[in-house]
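Written out below as structure tokens is the structure these notes cover.
The values are calculated or read from the model by the stated rules, or taken from the named source; none is laboratory data. Just so we're clear, the structure is a prediction, and the values are computed from it rather than from any experiment. Quick reminder, even Gly has a Cβ in these numbers, built from the backbone with ideal geometry, and neighbours come from all protein chains shown. These accessible areas exclude ligands, DNA and RNA; they are computed on the full protein's heavy atoms, side chains included. Shrake-Rupley method; radii C 1.70, N 1.55, O 1.52, S 1.80 Å.
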Amino acid sequence: MKIGVVLINLEEEYQLSVFNGIKNKAKKEDVEVVCLMIENEPFIPGGLIQKFPESSNFNLDGIILLTSALSDNSLIHSKSDIKKIWGKIPVVSAGQNVMGVPSIYVQTDDSMKQLVEHLVLKHNYRNFLFIGGGKKQHDAILREKIFVQTMEAYKPWFPDLSYIIRNGSFTEDSSFKVMEKLNSEKNINLDAVVCANDNMAIGVYKFFKMKSKNSQIKECAVTGFDDIPQAQYEIPALTTVRQPLSEMGEQAMDLIIKVINKEKNILAYNNYIESTIVFRESCGCRKETQSKDFSEMEAKLREMKNTYINVENYLRLTSQIGQKLNQTQDIIEMNKVLRLNLGELGIKNFNILRFTRDYFVKPVFVLRDGEEEEKFYKESELSINDFYNKFISCSDNKVPVLLIKQLYDGALSTGCIIFEADQDVLRYLNSISLAITQCLIRINVMEERRKRSEYLEQEVEKRTSELVEANEKRLKVEADVLRISELERQRFSNDLHDDICQRLAGISMLCRSYSTGKTPQKQELSELAKLISETLQCTRQYAHNSYPVELESLGLKRSLSNLCSSFEVQSGLSFNYEWDIKNDVEEQLNKVQKLNVFRIVQEALHNCVKHSEATKVIVRSRMDNNYLYFSVIDNGKGFNSHNDELREGIGMNSMQYRANQIGAVFSIKNNEDKGCCVEVKLPFTVK
């Protein structure tokens with residue numbers, strides 16, 4: 001059988017005493033115990049408290065809920081409240097009576113009333129201060145209610161009876177602050193301070209001791225509640241109400257076993273335990289000085305001395321571990337510090353787990369039976385249940401009692417520690433867990449910085465490489481542009497020399513021959529006129545090829561159409577021109593876009609006539625999904641992508657360069673049947 005215990009923490013005596021009772025009974029009954037400390041975990045759907053008993057988290061048979069210790073236990077009134085959190089799993093309430101839920105609690109109403117009556121009637125105290133616990137805490141509400149009812153009942157008999165109510169939070173520090181604030185507000189003269197638990201009573205003691213040199217602050221009677229072990233060692237020893245906390249823990253374990261075994265009439269059992277008042281010196285009672293008391297006092301002094309020595313040793317070790325963890329730079333160093341120092345605290349089982357996803361964990365440090373188990377580090381992630389089962393399967397402890405404490409980075413739970421420790425060491429585990437949390441946070445930050453630095457170095461190297469490559473491409477493009485420009489001038493010069501100049505020379509020769517002879521005949525003049533007309537047409541074509549002036553006057557559609565007609569006449573190929581772009585879209589194209597598209601189509605047609613051996617050419621313009629497509633398709637021999645001369649040729653680079661200038665994508669590919677297709681894909685958004 002495996003039982004879960006849910007409480008706040010094990011640093012204060014109340015919860016520790018109850019847990020010791022649970023643990024002792026579990027050992028007798030051969031029951032496994034898993035204790036979850038939920039100091040920062042709210043009761044929210046989907047939280048760890050709800051996931052705690054799920055099949056992926058420990059496979060618990062039942063839960064003991066220490067309701068009296070929970071700061072928000074006012075939210076738990078009935079079985080339906082429990083069911084919202086844990087569903088159908090058996091739950092027993094310890095410390096508070098929850099309607100419809102098997103509960104074990106201490107009956108304190110009569111003891112609280114008798115304590116107040118003792119102070120009023122026995123010691124004749126009249127001016128009281130009551131320091132309660134949390135405003136929503138069930139026991140705090142009940143104790144304050146009994147105190148007020150008792151005081152009000154005696155007021156008619158004692159008109160000078162008065163009291164003040166203040167709230168703490170069941171801690172020494174909270175009651176110390178109450179006393180400081182009350183003293184700063186007004187000069188009060190108290191006869192007695194009644195505290196809702198012993199820890200707050202000890203906090204009042206500390207206030208009086210620290211303010212002992214202030215003549216205006218008068219020490220008075222102090223009482224507590226719970227009778228924790230420290231209460232009898234205080235000077236003067238603390239008058240308090242004894243709750244049999246260890247017995248309550250044992251009965252809670254006995255009760256959950258009966259519930260799991262489905263014994264009948266569980267709710268009908270008498271599940272409360274009576275409390276008793278312990279009168280000591282703090283209320284003003286005198287202790288008789290008998291010889292046995294001296295021997296008892298001597299034994300207590302020896303016990304206090306031993307306790308003091310142990311506390312000093314534990315504080316030293318805790319501080320030492322914290323300092324060493326603060327100096328670690330990585331997980332390996334952290335694990336070394338823990339491995340070498342936890343043994344001095346008597347801790348043999350200690351695990352640090354990081355949450356990965358939905359309470360799956362990655363083992364960071366695993367100490368089992370005093371030895372570090374490095375094989376766990378190879379696991380990428382495990383469910384908590386799988387880790388737990390794997391951990392205890394080879395442990396020397398047949399029935400382990402493991403405790404779980406979450407690690408927080410701010411409000412975010414980043415992981416947990418699962419450990420086993422003696423009672424005396426438990427209160428120091430909080431400091432160690434905080435040191436571990438800060439160590440992990442620092443290591444994570446350093447790791448992130450290192451990764452970020454490596455990433456930035458890689459990005460700088462990559463960017464530098466890209467810039468070098470881009471610069472090389474730019475230099476190559478500039479060289480190509482200059483080369484293309486020079487070749488264009490050379491080609492233009494050759495065309496003028498080989499064609500226009502030759503024609504003009506022919507015209508000049510004809511004119512000279514006609515001038516020496518008779519009057520030219522009609523046929524001869526017609527031949528001269530034809531030659532002049534052809535020369536004029538060629539001159540216009542060369543000028544057009546140099547810069548298509550009609551782009552501005554006629555637009556891209558007409559200019560491409562004229563270009564196709566011109567190439568058809570010159571080459572003798574069959575041309576088919578298709579235009580499927582709306583007029584308003586064409587009008588939005590700027591001068592640079594039109595010119596570069598025209599030049600790419602012109603160069604593609606020139607290559608087609610020169611290299612493709614085609615008989616038919618299609619020039620197509622269309623629009624689709626915010627892109628303009630300009631294609632030149634032929635039925636020639638196709639494009640040889642392995643031909644370096646063609647791939648790196650001036651014409652190809654010229655088309656690619658012009659496409660880049662207008663943010664377009666240039667491509668050339670072979671058709672499925674025959675020939676190739678040169679295409680420009682220009683992004684365009686209709687306004």
Given the criterion closer than 21 Å to residue 282 by Cβ and open to solvent by 40 Å² or more (accessible area, probe 1.4 Å), identify the matching residue among 160, 198, 173.
173
Scan of segment 192-215 for residues that are in a helix (DSSP H, G or I) and of a type in the set (Val, Ile, Thr), ordered by number
202, 204
Checking residue 189 against (1) open to solvent by 50 Å² or more (accessible area, probe 1.4 Å); (2) out of contact with any strand residue (DSSP E or B) (no Cβ under 8 Å at 6 or more places or on another chain); (3) outside any helix (DSSP H, G or I), the condition it does not meet
(2)
Residues in segment 654-675 that are within 50 Å of the chain's Cα centre (by Cα) and assigned to a loop (DSSP other than H, G, I, E, B) total 3
If you check residue 384 against the conditions, is it closer than 28 Å to residue 22 by Cα and either open to solvent by less than 10 Å² (accessible area, probe 1.4 Å) or in contact with a strand residue (DSSP E or B) (Cβ under 8 Å, 6 or more places away or on another chain) (or both)?
yes
Scanning for something farther than 26 Å from residue 230 by Cβ, in contact (Cβ under 8 Å) with a residue 40 or more places away in the chain and hydrophobic (A, V, I, L, M, F, W, C), does segment 158-165 turn up at least one residue?
yes
With respect to residue 276, determine if the residue is open to solvent by 70 Å² or more (accessible area, probe 1.4 Å) and in contact with a helix residue (DSSP H, G or I) (Cβ under 8 Å, 6 or more places away or on another chain).
yes
Please work out which residue is surrounded by the fewest Cβ atoms within 10 Å (Cβ to Cβ), limiting yourself to segment 126-140 and to residues that are out of contact with any strand residue (DSSP E or B) (no Cβ under 8 Å at 6 or more places or on another chain) and part of a helix (DSSP H, G or I).
138
Identify the residue in segment 308-329 that is in contact (Cβ under 8 Å) with a residue 12 or more places away in the chain and loosely packed, with under 13 Cβ neighbours inside 10 Å and, among all such residues, is nearest to residue 445 (Cα to Cα).
329
Scanning segment 77-109 for residues that are without any contact (Cβ under 8 Å) to a residue 40 or more places away in the chain and either acidic (Asp, Glu) or touching a Phe, Trp or Tyr at 6+ places or on another chain (Cβ under 6 Å) (or both) gives 81, 109
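Conditions (1) open to solvent by less than 80 Å² (accessible area, probe 1.4 Å); (2) at pLDDT 75 or above, marked per residue:
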{"residue": "429", "(1), (2)": "yes, yes"}
{"residue": "432", "(1), (2)": "yes, yes"}
{"residue": "437", "(1), (2)": "yes, yes"}
{"residue": "446", "(1), (2)": "yes, yes"}
{"residue": "459", "(1), (2)": "yes, yes"}
{"residue": "478", "(1), (2)": "no, no"}
{"residue": "493", "(1), (2)": "yes, no"}
So which pairs qualify, if the first residue must be in segment 416-437 and within 20 Å of residue 21 (Cβ to Cβ) and outside any helix (DSSP H, G or I), the second must be open to solvent by 10 Å² or more (accessible area, probe 1.4 Å) and among the hydrophobic types (A, V, I, L, M, F, W, C), the Cβ gap must be under 9 Å, and the two must be at least 6 apart or on different chains?
420/401
If residue 237 satisfies every condition in (1) within 48 Å of the chain's Cα centre (by Cα); (2) open to solvent by less than 20 Å² (accessible area, probe 1.4 Å) but one, which is the exception?
(1)
Residues being in contact with a helix residue (DSSP H, G or I) (Cβ under 6 Å, 6 or more places away or on another chain) and assigned to a helix (DSSP H, G or I) - total across segment 81-114
4
Note: among 91, 116, just one is surrounded by 14 or more Cβ atoms within 10 Å (Cβ to Cβ) and within 38 Å of the chain's Cα centre (by Cα), namely 91
